[in-house]
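Please read the structure below before turning to the comments.
The values are calculated or read from the model by the stated rules, or taken from the named source; none is laboratory data. Just so you know, these numbers come straight off a predicted model, no measurement behind them. All Cβ positions, even for glycine, are placed from backbone atoms using ideal geometry, and neighbour counts span all protein chains on display.
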Number of protein chains: 2
Amino acid sequence: MNERALIEAIGSALSVRSGRIARWIGDDAAVVASGGGVCVVSTDTMVVGEHLRLDWISPADAGHRALAAAASDLAAMGAEPGEAYLALGVAAPLDSAACLELVRGAEALAEQIGVTIAGGDVVRSPAGFVTVTVVGWGRDEQSLVGRDGAQPGDLVGVTGRLGGAATALELLYGRSPRGGPHDASLIARHARPTPRIREGRALAAAGVHAMIDLSDGLASDAAIIGAMSAAVLEVDVNALPLDDGVSDRLLAARGGEDYELLFCAPPRLRSAVEEATGVTWIGRVLEGSPGGAVLARDGAAVELSGFEHQLD
Amino acid sequence: MNERALIEAIGSALSVRSGRIARWIGDDAAVVASGGGVCVVSTDTMVVGEHLRLDWISPADAGHRALAAAASDLAAMGAEPGEAYLALGVAAPLDSAACLELVRGAEALAEQIGVTIAGGDVVRSPAGFVTVTVVGWGRDEQSLVGRDGAQPGDLVGVTGRLGGAATALELLYGRSPRGGPHDASLIARHARPTPRIREGRALAAAGVHAMIDLSDGLASDAAIIGAMSAAVLEVDVNALPLDDGVSDRLLAARGGEDYELLFCAPPRLRSAVEEATGVTWIGRVLEGSPGGAVLARDGAAVELSGFEHQLD
């Protein structure tokens, strides 16, 4: 079974049993009413050897990376991250000492983004892992942005630059030769990604219709917004903003873990969005059923071939 | 390093950076102000082969057990559980199909205790595991009970009966012979523990001073309340209420995972507590520095020898 199929089956097995739940499985994060505001929660797990290669990055990088991935889901809702909870599976090479370095790496990022690591758990395990649960806060449900609001006619925009994390993996796996002038900055994109908290809040405040963080890759993540919005995102591969040292545009379109934000906004918001944050406009939203995404290059469609996480 | 040492080192590496945080690392759960009320969060991880033996219990039991352990931490604060988030590491024997059964087992308990499983994550992993983060809600910080409020003169009480989970492990490991009339109910105490949500809320409403759930065992957990309250809990081993089929009183005092609630209440609350829930009074709180716990039997002290989780 692959990851998406299992998540769908899990969603079908569950029921909402509280009027508090505004958004849940399927969006970047769950949204739960709380007193005057809303509580936004997301959980992200990284396993040593799979998502965290301690032969490539330090335990402190691993902590940064795990918190960044979880916080990025809150950024994609436009929520303000508040607290994080870290559950650690302790197994060499992620032994106790390395776990403490991991926590210090997470804490350094937490300080930058104003998060308190307020609890967690440590257990002995046959394999090292870290599960980060982040809790964020918003004024109300309307102040947050889901994945399902894209409308035909919207422009498709993206923050920052793409392809750095995927190109770094080419270097780290030895599939591309090292020695280029951008190796270090590319590898930093893999090791210490930046969750786009400020950008996400600014885009939410500007009124964008739909937003997602690029964890699985633009091709896959654009298709998620399209499917959930019952519309088609058409993205021009030639328009993608590339990180320095990235030469393969298709890799930038398909590769994951850049943790930039992909969003859809009506044309009337173009200048409000451009004032809110740096943005590159890379496509538009079309009518189409069932919804999804189309990548185009030089006027021709490019196969999506997004990454599928195979579980067993 | 053992678990407690690593948690202490982690706590020292972290900073609170929000006035919202009322309780954090060291208590059963973190308590965070949110709008009109408080948000209570706890995370609990169980690893296949360590905490979840799928040769002993079913995947559905494992889901029940993992959610029960996390919800029990909220019970120990007197909080109302609201949502749960499940992160699953997928590895045989906890393959995709078993994960789905695990979720169904968690969902059945969630229905009983009014919880919505509102999100999570699934990842491929070299070892199966489940991290459950539970979010609960309370009126205000004063309506919740920490571990640090025990006062000399308080009575020590416990809900339910003890020793069942530890006696089940004796049977499951083959250290005690099977075939007794209580084998099935004992093994159910291990496989499907009951988080004492209703009891915890009633005890909090009655005004108990300190409370903890018995996960590591009465000896260890009483010592935690004592240490955090700078007082000594004196517990009479002969007074412990035992599950049917439990004959070893010291095992009941030292064994973990009964998930009953241990609490300290002033004598004036004796009848209010007895009206709130079934209770057995098992000791009293004495002055003493540094704080801790003393187990006594027939007037003589019994060595605590609480369980230490060794990590590496």
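Some observations on this one:
- Meets criteria (at pLDDT below 95 and not hydrophobic (A, V, I, L, M, F, W, C)) for B:S143: yes
- Residue match in region A:50-64 (condition: modelled with pLDDT under 95 and on the phi < 0 side of the Ramachandran plot): yes
- Odd one out for B:Y85, checked against (1) surrounded by fewer than 24 Cβ atoms within 10 Å (Cβ to Cβ); (2) over 22 Å from B:A204 (Cα atoms): (1)
- Scanning region A:194-216 for residues that are closer than 21 Å to A:G26 by Cα, of a type outside the set (G, A, S) and out of contact with any His (no Cβ under 9 Å at 6 or more places or on another chain) yields A:P195, A:R196, A:I197, A:R201, A:L203, A:V208, A:H209, A:M211, A:I212, A:D213, A:L214.
- All conditions but one from (1) in the same structural domain as A:W24 (by TED's automatic domain parsing); (2) in contact with a Phe, Trp or Tyr (Cβ under 6 Å, 6 or more places away or on another chain) apply to A:G157; the one that does not is (1).
- Where B:R147 falls short, out of the listed (1) touching a residue at least 24 places away in the same chain (Cβ under 8 Å); (2) in contact with a Phe, Trp or Tyr (Cβ under 9 Å, 6 or more places away or on another chain); (3) not β-branched (V, I, T): (2)
- Scope region B:246-273; condition closer than 16 Å to B:G200 by Cβ and among the acidic types (D, E); matching residues: B:D258, B:E260
- Residues in region B:106-137 that are more than 7 Å from chain A (Cβ to nearest Cβ), outside any loop (DSSP other than H, G, I, E, B) and crowded, with 24+ Cβ neighbours inside 10 Å: B:A106, B:A110, B:V130, B:V132, B:V134, B:G136.
- Conditions (1) within 11 Å of chain B (Cβ to nearest Cβ); (2) touching a residue at least 24 places away in the same chain (Cβ under 8 Å); (3) crowded, with 24+ Cβ neighbours inside 10 Å; number of the one not met by A:A33: (3)
- Which listed residue is among the small types (G, A, S), touching a helix residue (DSSP H, G or I) at 6+ places or on another chain (Cβ under 7 Å) and at negative phi, from A:A79, A:A84, A:A69: A:A84
So that you can scan it fast, the table gives a plain yes or no per residue for (1) touching a residue at least 60 places away in the same chain (Cβ under 8 Å); (2) more than 21 Å from the chain's Cα centre (by Cα); (3) outside the structural domain of A:M211 (by TED's automatic domain parsing):
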position: A:E8; (1), (2), (3): no, no, yes
position: A:C39; (1), (2), (3): yes, no, yes
position: A:G49; (1), (2), (3): yes, no, yes
position: A:A87; (1), (2), (3): no, no, yes
position: A:V90; (1), (2), (3): no, yes, yes
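- Residue that is farthest from the other protein chains (Cβ to nearest Cβ) [pool: residues in region A:15-30 that are modelled with pLDDT of 90 or more and crowded, with 22+ Cβ neighbours inside 10 Å]: A:A29
- The single condition from (1) of a type in the set (D, E, K, R); (2) in contact with a helix residue (DSSP H, G or I) (Cβ under 7 Å, 6 or more places away or on another chain); (3) at the interface with chain A (Cβ under 8 Å from one of its Cβ atoms) that B:R147 fails is (3).
- Filter result for B:R4 (more than 7 Å from chain A (Cβ to nearest Cβ), under 26 Å from B:G174 (Cα atoms) and basic (K, R)): no
- Filtering region B:138-148 for residues that are under 21 Å from A:I21 (Cα atoms) and crowded, with 20+ Cβ neighbours inside 10 Å leaves a non-empty set.
- Residues of region B:89-105 that are more than 9 Å from chain A (Cβ to nearest Cβ), touching a strand residue (DSSP E or B) at 6+ places or on another chain (Cβ under 8 Å) and over 27 Å from B:M77 (Cβ atoms): B:P93, B:L94.
- Residues located in region A:262-298, provided they are in contact with a strand residue (DSSP E or B) (Cβ under 9 Å, 6 or more places away or on another chain), within 24 Å of A:L251 (Cβ to Cβ) and small (G, A, S): A:G283, A:G292, A:A293, A:A296
- Out of B:L54, B:L86, B:L67, one residue alone is away from chain A (no Cβ under 13 Å) and closer than 26 Å to A:A13 by Cα. It is B:L54.
- Selected residue (criterion: surrounded by the fewest Cβ atoms within 10 Å (Cβ to Cβ)) from residues of region A:152-192 that are of a type in the set (V, I, T) and outside any loop (DSSP other than H, G, I, E, B): A:I187
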